[in-house]
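The values are calculated or read from the model by the stated rules, or taken from the named source; none is laboratory data. Predicted model, so just to flag it, every value in this text is computed and none were measured. For the accessible areas, the whole protein counts, side chains as well, though only heavy atoms, and no ligand, DNA or RNA atoms are used. Shrake-Rupley method; radii C 1.70, N 1.55, O 1.52, S 1.80 Å.
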Amino acid sequence: MSFLTSQTHLHITTWVVGIVIFLVAALMGKQSKGLHMTLRLFYVLIIITGGALFIEAMDYGQGMLYGFKFLGGILVIGMMEMVLVRQKKNKPTGMFWILFAVFLLITLFLGFKLPMGQDFLA
């Protein structure tokens, strides 16, 4: 297994775990303080692994598309944080859930479609 493949698997693992923690924390509501702190740690891990992949992407000559994916990932993390913080303050979160879903789908599409993404059909 090459370094790039293991790095990609590490990134996928961090964001899958992050999304699961986010959904559990959102379902728990105000009682999720510990989970929210754990999720923030995963935000850092997601950004570090994604940043490393972004640096590697420059070799593929598609840095701009990977830049859009990186920006989408940051927006997904931002929407996750907004949902949890606004939920704790008893403020409406509907718009942020919608934005979270839209940004997540765009980021996943770019991540799996670009050359360093996973090919599930092969």
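Give the separation of the Cα centroids, the stretch 95-110 to the stretch 27-71, in Å.
14
For LEU71, LEU65, LEU53, give me the order by solvent-accessible area with a 1.4 Å probe, most accessible first, ignoring ligands, DNA and RNA.
Details: LEU71 95, LEU65 75, LEU53 15 Å².
My answer, sorted largest first, is LEU71, LEU65, LEU53.
Using Kirkwood radius over Cα pairs in Å as the read-out, say which of (1) 15.1; (2) 27.0; (3) 16.1 was calculated from these coordinates.
(1)
Out of the total accessible area of the chain (probe 1.4 Å, heavy atoms of protein only), what percent is carbon and sulfur?
75
Roughly how many Å² is the accessible area per residue of the stretch 31-122, as a whole number, for a 1.4 Å probe?
Counting only protein heavy atoms, the per-residue value for the stretch 31-122 is 61 Å².
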